Amino acid sequence: MLQHLLHQIGSAGGVARSLLVYWRPGRQSSLQRLYRPFIAPGDIAFDIGAHLGDRSAAFHALGARVIALEPQPELAKWFQRIIRHPTVTLLPLAAGPAPGFADIAISTRNPTLSTLAHGWRDQIGERNESFRKVRWEQQLRVPITTLDQLIDEYGEPSFIKIDVEGYEAEVLAGLSRPVAALSVEFVAGALDVGHACVAQLNGLGDYRFNAIAGEQREFHWPTWQTPEAIGEWFTRQADGLASGDLYACRADHPAVSRPRAR
């Protein structure tokens, strides 16, 4: 009983901290500005690792039909409390290379940190100081779908956001067609995941890349980079960034030919 109570208290505290980070005033307007080049009214957008729904809310505000995946029941409850709209579909699933089931490891004190990448989980604390105190105390069996299955059921998205703590390349392994644009998270100490994501996308089509540091809203480069340039950047340890998101667009995407001011 005591252990269960402590678990609930820790989880509630973690959710509260995440709500402060992801739903602070002004954040939604900046997210909408960021995603406007990728999402137009009537588009489909996938939010893989939806957590507390901040990105799904931005996609919805831009007029997209949103398909969000969040396998953690506690986070899914909060998502549904915050976002209630018929064009936002929340599925209690994770994404991976093939359909089935897998064990997701959850940090009860930081519930937005959950991972299916068990090797990544075991090593990231030694390689990245910001993860040093993270403990994954809970394990949950979750159903797995693939990006291809989601596309077959809901249609091809104009944008896919993937934030799954080291499992990004495995999620991309479940995609067999070059979608217009997407993002994947990267973290220092596990940049091999970023390399693997670039390789996966390079095998699907002709992509260009950019990056955003941490929770910032400005792209790292004013022009989009080649796969080779991004590979070299990761080899240089991504200019020392602790974490961020790698954005990929097909070479024919309008955002690629429209330079952004830094």
Inset, instruction - Take the residues in the stretch 196-219 that are touching a helix residue (DSSP H, G or I) at 6+ places or on another chain (Cβ under 8 Å) and at pLDDT below 95, then tell me which one is least open to solvent (accessible area, probe 1.4 Å). - result: 217
Inset, instruction - Scan 186, 219, 209, 234 and give me the residue that is under 30 Å from residue 129 (Cα atoms), in contact (Cβ under 8 Å) with a residue 60 or more places away in the chain, among the aromatic types (Phe, Trp, Tyr) and in contact with a strand residue (DSSP E or B) (Cβ under 9 Å, 6 or more places away or on another chain). - result: 186
Inset, instruction - Would you check if residue 140 is buried (at least 22 other Cβ atoms within 10 Å of the Cβ), over 18 Å from residue 53 (Cβ atoms) and in contact with a strand residue (DSSP E or B) (Cβ under 8 Å, 6 or more places away or on another chain)? - result: no
Legend entry - Pairs, first open to solvent by 100 Å² or more (accessible area, probe 1.4 Å) in the stretch 20-41, second modelled with pLDDT of 95 or more, C-beta under 6 Å, six or more apart: 41/63
Inset, instruction - Could you tell me whether the stretch 71-84 includes any residue that is touching a residue at least 60 places away in the same chain (Cβ under 8 Å), of a type in the set (A, V, I, L, M) and surrounded by 17 or more Cβ atoms within 10 Å (Cβ to Cβ)? - result: yes
Legend entry - Subset tally (residues that are of a type in the set (A, V, I, L, M, F, W, C), assigned to a strand (DSSP E or B) and at pLDDT 95 or above) for the stretch 175-195: 4
Inset, instruction - With respect to residue 170, determine if the residue is within 25 Å of residue 21 (Cβ to Cβ), in contact with a strand residue (DSSP E or B) (Cβ under 9 Å, 6 or more places away or on another chain) and crowded, with 18+ Cβ neighbours inside 10 Å. - result: no
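The values are calculated or read from the model by the stated rules, or taken from the named source; none is laboratory data. Source: prediction; values computed, not measured. Backbone-built Cβ (ideal geometry, glycine too); neighbour counts: all protein chains shown. The protein model used for the area step is the full one, side chains on, heavy atoms only, and it has no ligands, DNA or RNA in it. Shrake-Rupley method; radii C 1.70, N 1.55, O 1.52, S 1.80 Å.
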